[in-house]
Amino acid sequence: MTELAALEFDEIGRLDWDATSEVYDVVPFPDGSGLMRDIQGFKEPDTPIPFGPCDSAHSFLSFLLSTRRRASDSPMLAVLQLFLSSLTDRTLEGPPFVLSHPDFDSQNVLVDDDGTITGIIDWDNVDIRPRQGAAAVYPMWLTIDWDPLFYGWSKDASPEDNAAYDSPATYRRAYLDAITRASNGKLMHITCNSHIWTTLYIALSNEIATSGIVDHLSKFVFGSGLLGYEVEEGIRRGPWYALRQKPGTIAEITGAL
């Protein structure tokens, strides 16, 4: 993964081979709507909608969020808007951007009987993404504890109930140590909090997981899921969200405040 992260680009998008110049160019994602097919209320267009290239991590995530909010808005998505502005690492906002394996999960890593990695497969739709969401990130099996929908381990559960789960935090530390050694420290800052960026991306692109992740992030940010709920309810009653639902004049906003 450190070798993959060494291939750097100026924009976020897909690679396209130019036969005339014989170089690869960064081009738009062929169909940005493909990222939103599982979102309720989102109607897939008759023709593909190219998206990108993007020049920042924020613009990439903002496309996903704005697409969702246009399809079906909610105070929960407004909370995600706040998290999107506060939880991403601004030092990693711009280029360089790097390649992202589309499914860097354990079943796609081939290992021989001696434990030597012999290959990584399933490269369909490889693309270029922000550093926090690309080659240097934790693999998805090491971030599952940040997605409550798919994670069942709990410190309060019995050993029998937890038997099917590991606590990924320990393995994240081991992975971070390995990335740090392999990159001579260059990628440590990128990898160490990459699970937060990945969690935001999942919350934006997978509607089923959104609610649980927003609750988890609320506990991370506020120290309490209850406070996160109160923030969501406050947004529901406040003029900021109401204005988005039914745009009004400056005078109406002032009156609401």
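The values are calculated or read from the model by the stated rules, or taken from the named source; none is laboratory data. Computed from a prediction, not measured in an experiment: that's the story for all the values here. Every residue, glycine among them, receives a Cβ derived from its backbone with ideal geometry; neighbour counts consider all protein chains shown. Ligands, DNA and RNA are stripped out before the accessible areas are found, and what is left, the full protein with its side chains, is counted by its heavy atoms. Shrake-Rupley method; radii C 1.70, N 1.55, O 1.52, S 1.80 Å.
Per the listing 183, 154, the residue uniquely small (Gly, Ala, Ser), more than 15 Å from the chain's Cα centre (by Cα) and exposed (fewer than 14 other Cβ atoms within 10 Å of the Cβ) is 154. Residues satisfying the criterion are present in segment 118-127 (criterion: over 28 Å from residue 52 (Cβ atoms) and more than 13 Å from the chain's Cα centre (by Cα)).
Scanning segment 120-143 for residues that are modelled with pLDDT of 90 or more and at positive phi turns up just one, 122.
Could you check segment 70-81 and list, in sequence order, the residues that are touching a residue at least 12 places away in the same chain (Cβ under 8 Å) and either outside any loop (DSSP other than H, G, I, E, B) or open to solvent by less than 20 Å² (accessible area, probe 1.4 Å) (or both)?
Restricting attention to segment 70-81, the residues satisfying the condition of being touching a residue at least 12 places away in the same chain (Cβ under 8 Å) are 71-73, 75-81.
Answer for segment 70-81, where residues must be touching a residue at least 12 places away in the same chain (Cβ under 8 Å) and either outside any loop (DSSP other than H, G, I, E, B) or open to solvent by less than 20 Å² (accessible area, probe 1.4 Å) (or both): 71, 75, 76, 77, 78, 79, 80, 81.
Checked against the criterion of being open to solvent by less than 30 Å² (accessible area, probe 1.4 Å) and of a type in the set (Val, Ile, Thr), the candidates 121, 117, 208, 196 yield just one match: 196.
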